[in-house]
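Colleague: Please read through the structure below; I'll follow up with questions.
The values are calculated or read from the model by the stated rules, or taken from the named source; none is laboratory data. From a predicted model like this one, the values you see are computed outputs, not experimental measurements. Because the Cβ atoms are built from the backbone with ideal geometry, glycine has one as well, and the counts that use them run over all protein chains shown.
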């Protein structure tokens with residue numbers, strides 16, 4: 001039995017809004033997004049979450065990392081100790097070791113490639129104001145360590161003399177969409193997360209980057225001992241990288257297993273894949 | 001010569017104000033309409049420290065910075081929970097509340113009568129800083145010190161985190177940084193350093209009254225930041241120099257005083273609009289505001 | 001005494017409500033923080049002054065001409081500054097700074113043409129009605145009646161006309177309105193015109209009583225903004241209630257303390273609302289993410 005890193009139980013979330021209709025004045029409309037959802041993510045594995053648009057995938061991610069509140073349920077993050085994530089703030093959750101990437105990248109545009117990496121670094125010593133004034137030596141040393149680490153991470157993946165390191169002083173806004181996606185993933189290495197949520201890592205990215213992304217995901221799991229939980233629409237990619245797969249529909253998990261099993265499941269074929 | 005030194009002292013005072021305001025407006029992208037309040041608190045604490053407590057130069061300056069920063073911290077905690085327009089409104093609200101207190105708490109601040117006869121500060125209790133040349137030197141030293149400190153802050157990991165927050169606070173949050181803490185730190189530091197300007201103003205002019213620290217002054221400080229440009233050190237320097245020197249230029253070309261006062265405000269207004277439309281990074285800034 | 005103050009408070013409240021409603025017409029629909037709205041309030045009585053006092057026109061004709069010119073000023077602001085900025089998708093802060101620029105320019109232009117001193121529209125002492133101890137001046141009656149007439153007129157207009165439906169639609173979702181081929185910019189012209197009618201009328205009614213100088217706009221705008229926030233952004237009846245609350249509160253402050261503390265108390269109320277109930281009395285809680 002594999003170890004668990006994330007255990008979700010009985011999670012529900014609905015948006016409630018009051019609407020005014022012609023007949024009834026203050027009717028309440030309830031849109032259920034997650035419906036008593038149970039799910040487990042194994043440690044040291046890549047787990048994929050598939051499902052149609054509006055099935056609650058991104059909502060689930062936003063709840064796990066604290067951007068949204070849930071109505072009920074529990075989310076246990078097991079990293080040495082067991083942490084209940086519900087009710088915690090996003091930055092607290094990130095400091096516990098749970099990171100994420102975004103569909104729309106969320107890169108720091110005005111910072112250089114290197115600065116994007118350094119900002120993500122786990123060590124926050126120099127980020128207290130005046131530290132660089134009163135403790136310049138230590139600050140310089142930590143900055144140097146972080147820069148070295150950024151270099152190692154980039155060179156491990158792309159070899160020496162690669163594009164990213166050569167253009168490290170370039171502002172991130174000048175990068176292409178695919179390069180930004182990759183920078184977003186590289187940033188995660190700097191932060192030293194234990195579990196990362198990746199929201200559609202290949203969507204909208206030029207296929208020439210697929211190999212790099214696959215490579216990065218495998219390194220996350222094999223070399224950096226991270227666990228990966230990703231949302232993906234590209235079934236080929238899921239089959240290629242994921243160890244486990246869950247199918248979400250109408251706000252709860254309808255099928256789980258290996259990617260091949262889940263994709264072959266008749267329910268998944270009928271309701272999502274459509275063949 | 002004295003006239004020139006007077007202008008330069010005023011430039012130094014405004015450099016400190018704009019460089020501090022740049023930390024919140026330029027780096028943290030928080031438009032604060034309350035900076036004049038901190039400038040004023042700094043000036044009133046200085047008057048109290050020099051007159052009533054009889055402190056010498058550095059203790060008085062330090063006390064003024066500490067008390068102003070503490071008030072800035074409290075105001076920051078309250079207003080930084082709010083977003084966008086609501087944050088601006090909160091700082092505007094505090095600006096007006098503090099002005100009202102300075103104006104009406106007559107038993108302490110003498111209200112509209114102001115505080116005259118603020119004594120010259122003494123350096124280590126020995127040398128009295130009196131006369132225009134010593135004040136020019138003192139204000140230049142303080143301005144340079146503030147510039148060095150803020151340069152250091154902007155290019156430190158703290159400044160980098162602020163720039164990252166300005167670009168994308170959601171991403172920074174997901175990397176485990178406490179956004180509210182960052183903002184509060186920036187706000188507290190900026191308000192504390194505004195007190196240095198207040199100190200210089202009170203000690204140099206030797207008379208203060210609330211009207212020097214009203215909402216118009218707060219808007220004026222923000223205008224100086226916007227005109228110079230945000231995100232680096234050069235921008236605020238140019239902005240401060242510009243807003244102080246422009247009125248003197250108008251006088252120099254022979255515009256009568258009663259017209260010049262209105263004309264220079266019209267010029268500031270025009271510059272603000274033109275910059276917002278065509279050059280949001282100001283005259284010398286790094287970032288488009 | 002209390003009753004007298006209460007009546008004064010209600011009359012002031014009616015003016016606040018009127019001016020706040022004009023601000024809300026623009027803010028609720030376009031999210032433009034129209035600081036230059038202060039100027040709209042201020043210029044209208046100056047136009048009346050020109051036609052009525054200087055050119056000797058009939059007062060009603062003067063007032064109508066003044067309102068028309070005020071609308072023109074409002075439209076010029078929208079067309080020259082806000083519209084180009086909105087087309088560029090400028091941030092709220094950029095638009096606010098530009099609006100501050102507009103306000104600075106307009107105040108100083110008026111000061112250049114008319115001077116900084118207080119102008120009075122008519123010299124004869126206003127008649128009043130007495131009920132025992134209570135005194136209500138005709139000016140007050142005019143202020144209250146005029147405000148109430150415009151406010152109720154607008155509410156009916158909003159409920160039953162096509163314009164009202166469009167206004168509410170734009171308040172709820174501006175991009176969607178564009179999708180449905182509503183020319184939002186042409187529609188915005190009507191909104192700015194309408195808001196100018198409200199501010200202009202308010203400005204004239206108050207100036208008829210106490211006169212005006214180029215700086216009367218800002219304090220009134222601040223009261224209007226507080227009325228809008230404590231009522232709640234997004235609802236058109238909210239600033240009306242907010243206006244009356246502030247008017248009455250200020251009377252109580254005058255009664256218990258002094259008129260000098262009025263602004264301080266008003267803005268303390270603003271801060272309390274921003275912290276504990278940012279959606280105001282009638283607004284709905286907004287989603288943060």
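Colleague: Among the residues of segment C:234-244, is there at least one that is buried (at least 19 other Cβ atoms within 10 Å of the Cβ), at positive phi and under 17 Å from the mean Cα position of the chain (by Cα)?
Modeller: Scanning segment C:234-244, I find at least one residue that is buried (at least 19 other Cβ atoms within 10 Å of the Cβ), at positive phi and under 17 Å from the mean Cα position of the chain (by Cα), so the answer is yes.
Colleague: With the checklist (1) in contact with a strand residue (DSSP E or B) (Cβ under 8 Å, 6 or more places away or on another chain); (2) over 18 Å from residue B:231 (Cβ atoms); (3) within 14 Å of chain C (Cβ to nearest Cβ) in hand, flag the one item residue B:173 doesn't pass.
Modeller: With (1) in contact with a strand residue (DSSP E or B) (Cβ under 8 Å, 6 or more places away or on another chain); (2) over 18 Å from residue B:231 (Cβ atoms); (3) within 14 Å of chain C (Cβ to nearest Cβ) applied to residue B:173, the lone miss is (1).
Colleague: So if I check each of B:228, B:282, which one is away from chain C (no Cβ under 12 Å) and crowded, with 19+ Cβ neighbours inside 10 Å?
Modeller: Criteria check complete, one pass: B:228.
Colleague: Quick one: would you say residue B:4 is part of a helix (DSSP H, G or I) and free of Cβ contacts under 8 Å to residues at least 24 places away in the same chain?
Modeller: In short, yes.
Colleague: Only residues in segment C:265-281 that are more than 10 Å from every other protein chain (Cβ to nearest Cβ) count as the first member; pair them with residues that are buried (at least 21 other Cβ atoms within 10 Å of the Cβ) and part of a helix (DSSP H, G or I), Cβ under 7 angstrom, at least 6 apart or cross-chain, and list the lot.
Modeller: Filtered contacts from segment C:265-281: C:280/C:229; C:280/C:230; C:280/C:231; C:280/C:238; C:280/C:273; C:281/C:230; C:281/C:231; C:281/C:238.
Colleague: Any residue at all in segment C:58-67 that's at the interface with another protein chain (Cβ under 9 Å from one of its Cβ atoms), over 15 Å from residue C:36 (Cβ atoms) and not in a helix (DSSP H, G or I)?
Modeller: no
Colleague: Which one of these is touching a residue at least 60 places away in the same chain (Cβ under 8 Å), within 9 Å of another protein chain (Cβ to nearest Cβ) and farther than 30 Å from residue A:188 by Cβ: B:182, B:215?
Modeller: B:215
Colleague: Next question, about the same structure. What helices (runs of 4 or more DSSP H), lying completely within segment C:156-216, carry at least 2 residues that are touching a residue at least 24 places away in the same chain (Cβ under 8 Å)?
Modeller: Here the list reads C:162-172, C:184-210.
Colleague: Which residues, counting only those in segment B:108-131, are farther than 15 Å from residue B:51 by Cα and modelled with pLDDT of 85 or more?
Modeller: Hit for segment B:108-131 is B:113, nothing else.
Colleague: Kindly indicate which of C:93, C:108 is closer than 30 Å to residue B:91 by Cα and modelled with pLDDT of 90 or more.
Modeller: Sole residue among the options that is closer than 30 Å to residue B:91 by Cα and modelled with pLDDT of 90 or more: C:108.
Colleague: Give the residues of segment C:23-66 that are under 24 Å from residue C:166 (Cα atoms), more than 12 Å from the chain's Cα centre (by Cα) and buried (at least 20 other Cβ atoms within 10 Å of the Cβ), sorted by residue number.
Modeller: Selection gives C:28, C:29, C:30, C:32, C:33.
Colleague: Output the residues belonging to segment B:25-40 that are under 11 Å from the mean Cα position of the chain (by Cα) and part of a helix (DSSP H, G or I).
Modeller: Once the filter is applied, which keeps residues that are under 11 Å from the mean Cα position of the chain (by Cα) and part of a helix (DSSP H, G or I), segment B:25-40 yields B:35, B:36, B:37, B:38, B:39, B:40.
Colleague: Same structure, new question: Suppose we keep only residues that are more than 16 Å from the chain's Cα centre (by Cα) and assigned to a loop (DSSP other than H, G, I, E, B) within segment A:90-117. Which one would you say is modelled with the highest pLDDT?
Modeller: A:108
Colleague: Mind listing whichever residues of segment B:171-183 are buried (at least 16 other Cβ atoms within 10 Å of the Cβ) and either under 17 Å from residue B:196 (Cα atoms) or more than 19 Å from the chain's Cα centre (by Cα) (or both)?
Modeller: B:171, B:172, B:173, B:174, B:175, B:176, B:177, B:178, B:179, B:182
Colleague: What is the residue count in segment A:79-119 for residues that are more than 12 Å from chain B (Cβ to nearest Cβ) and closer than 25 Å to residue B:154 by Cβ?
Modeller: Looking only at that region, the number is 1.
Colleague: Are any of the residues in segment A:124-144 away from every other protein chain (no Cβ under 13 Å) and in contact with a helix residue (DSSP H, G or I) (Cβ under 7 Å, 6 or more places away or on another chain)?
Modeller: Within segment A:124-144, none of the residues are away from every other protein chain (no Cβ under 13 Å) and in contact with a helix residue (DSSP H, G or I) (Cβ under 7 Å, 6 or more places away or on another chain).
Colleague: Give segment B:55-101 a look and list any residue that's surrounded by 24 or more Cβ atoms within 10 Å (Cβ to Cβ), within 17 Å of residue B:21 (Cα to Cα) and more than 12 Å from chain C (Cβ to nearest Cβ), or say none.
Modeller: Matches in segment B:55-101: B:68, B:72, B:76.
Colleague: Further, regarding this structure: Which residue out of C:51, C:23, C:33 is free of Cβ contacts under 8 Å to residues at least 40 places away in the same chain and either within 23 Å of residue C:100 (Cβ to Cβ) or in contact with a helix residue (DSSP H, G or I) (Cβ under 7 Å, 6 or more places away or on another chain) (or both)?
Modeller: Step by step, each of C:51, C:23, C:33 is checked, and only C:51 is free of Cβ contacts under 8 Å to residues at least 40 places away in the same chain and either within 23 Å of residue C:100 (Cβ to Cβ) or in contact with a helix residue (DSSP H, G or I) (Cβ under 7 Å, 6 or more places away or on another chain) (or both).
Colleague: Can you tell which of A:52, A:73 is part of a loop (DSSP other than H, G, I, E, B), over 19 Å from residue B:182 (Cα atoms) and either away from every other protein chain (no Cβ under 12 Å) or in contact with a helix residue (DSSP H, G or I) (Cβ under 6 Å, 6 or more places away or on another chain) (or both)?
Modeller: A:52
Colleague: Select, from B:283, B:270, the only residue that is outside any strand (DSSP E or B) and closer than 14 Å to residue B:22 by Cβ.
Modeller: B:283
Colleague: Quick check: is even one residue across segment C:94-103 surrounded by fewer than 17 Cβ atoms within 10 Å (Cβ to Cβ) and over 21 Å from the mean Cα position of the chain (by Cα)?
Modeller: For segment C:94-103, residues surrounded by fewer than 17 Cβ atoms within 10 Å (Cβ to Cβ) and over 21 Å from the mean Cα position of the chain (by Cα): absent.
Colleague: Please go through segment B:268-279 and give me each residue that is surrounded by fewer than 19 Cβ atoms within 10 Å (Cβ to Cβ) and either under 17 Å from residue B:238 (Cα atoms) or more than 8 Å from every other protein chain (Cβ to nearest Cβ) (or both), ordered by number.
Modeller: B:274, B:278, B:279
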